[in-house]
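The values are calculated or read from the model by the stated rules, or taken from the named source; none is laboratory data. Model, not experiment: these values are computed from the prediction. Quick reminder, even Gly has a Cβ in these numbers, built from the backbone with ideal geometry, and neighbours come from all protein chains shown.
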Amino acid sequence: MDIQLFRTFLLVASLKNITQAAEQLNFTQPAVTAQIRMLEERYGTTLFERIGKKLYITEAGRELVTHAEKLLAAFKDIHTAMQKFSDFNLSIKLGASTTAANYFISPALLEFRNRGGTGSVVVDICPTLPVTVKGLLDNTFDIAIAHDKIDHPQIMQFDLSHEKLVWVVERDLFAKHKEQDIGHYPFINYKSGCVYRSLLQNTLKEKAVHTIIEYSDAEAIKCAVLEGVGASILPYVLVESYLKDGSLVELPNVPQLTFVMSIAFHKDKILTSDMKTLLMIFAEYGNMESNLTDYIRLKS
């Protein structure tokens, strides 16, 4: 039954005047009368009596007032509760399989705000790609930034940006060894399961590199390299400023490695307007040709 019938009924009961109720509701008088009649027919009883020129509420009408007020209060509570789940208030849950994604995500989020993005964005940096993929599959994440190919039929993936990896050492450690070959330095490696680790395997064997410590996090490795603990390989975006000011030295006598930053989401994911805006921004910020833009436009 239309909730408006109860709103109309309560206003008539309060004013005891159909004409005044019609004016406040911006309805015609016959429309208000018809709504009251619909309630009376639905419950098989008279809700109002007209004696002379005055309108009187019946005992049944007074009983209905009590329940109608509770009904409208509950309806208002439902509306309030559901508002936080509207497209305008939903958080975007964003997973990232690499710390380097922070340098890609931050400017995109700033642009998201500049374009009127209303919802909050919750970013979770994952230790490995499988953890990120699991988050997409179990709906922990709405969107993910990945740095390796995801081989799963339920996941949509779009390449965005081609990123360089650089072999670096702290300048004092470089001055001490005076060597450009990575094999002459203690090496800070990535833990098994990290994508960067798989990229390094052949080079580390060829150069007889000696691993002294392993981390799962590129930021932790960057800190250790800056402290002079050893050499390592890091995404260029993480160390660009340190290379420019001379804090770190890039070792040239090593293979040049790259990785691809991509965006991913479940193929069944319902994309809110905020999600579409953010995805479009990611596509614009990438340095690779991507069909993500066409996909989002097709879904709009």
SER97 in contact (Cβ under 8 Å) with a residue 24 or more places away in the chain, out of contact with any helix residue (DSSP H, G or I) (no Cβ under 7 Å at 6 or more places or on another chain) and within 30 Å of VAL260 (Cα to Cα)
no
Counting only residues in region 48-75 that are in contact with a helix residue (DSSP H, G or I) (Cβ under 8 Å, 6 or more places away or on another chain) and among the aliphatic types (A, V, I, L, M), the one farthest from THR19 (Cα to Cα) is identified as LEU71
Matching residues, region 238-256, being under 21 Å from SER161 (Cβ atoms) and in contact with a strand residue (DSSP E or B) (Cβ under 7 Å, 6 or more places away or on another chain)
VAL239, TYR242, LEU243, GLU250
Cβ pairs under 7 Å, 6+ apart or interchain, first in region 29-47 and farther than 11 Å from ILE18 by Cβ, second among the acidic types (Asp, Glu) and assigned to a helix (DSSP H, G or I), ordered by first then second residue, are THR46/GLU40; LEU47/GLU40
Across region 257-281, what is the total count of residues that are in contact with a strand residue (DSSP E or B) (Cβ under 8 Å, 6 or more places away or on another chain), charged (D, E, K, R) and surrounded by fewer than 16 Cβ atoms within 10 Å (Cβ to Cβ)?
1
Please state which one of GLU240, GLU206, GLU289 is free of Cβ contacts under 8 Å to residues at least 40 places away in the same chain, out of contact with any Asp or Glu (no Cβ under 8 Å at 6 or more places or on another chain) and not assigned by TED's automatic domain parsing to the domain that holds LYS176.
GLU289
Out of the residues in region 151-179 that are among the hydrophobic types (A, V, I, L, M, F, W, C) and under 18 Å from the mean Cα position of the chain (by Cα), which is surrounded by the most Cβ atoms within 10 Å (Cβ to Cβ)?
LEU160
Restricting to region 246-300, and then to whatever is among the hydrophobic types (A, V, I, L, M, F, W, C) and closer than 30 Å to ASP172 by Cβ, can you tell me which residue is nearest to the chain's Cα centre (by Cα)?
PHE259
Please determine whether any residue of region 132-150 is within 20 Å of the chain's Cα centre (by Cα), at pLDDT below 90 and exposed (fewer than 12 other Cβ atoms within 10 Å of the Cβ).
no
If I filter region 7-25 for residues that are under 40 Å from the mean Cα position of the chain (by Cα), in a helix (DSSP H, G or I) and outside the structural domain of PHE265 (by TED's automatic domain parsing), do I get at least one hit?
yes
Checking PHE104, PHE85, PHE112 in turn, the sole residue that is touching a helix residue (DSSP H, G or I) at 6+ places or on another chain (Cβ under 6 Å) and at pLDDT below 95 turns out to be PHE112
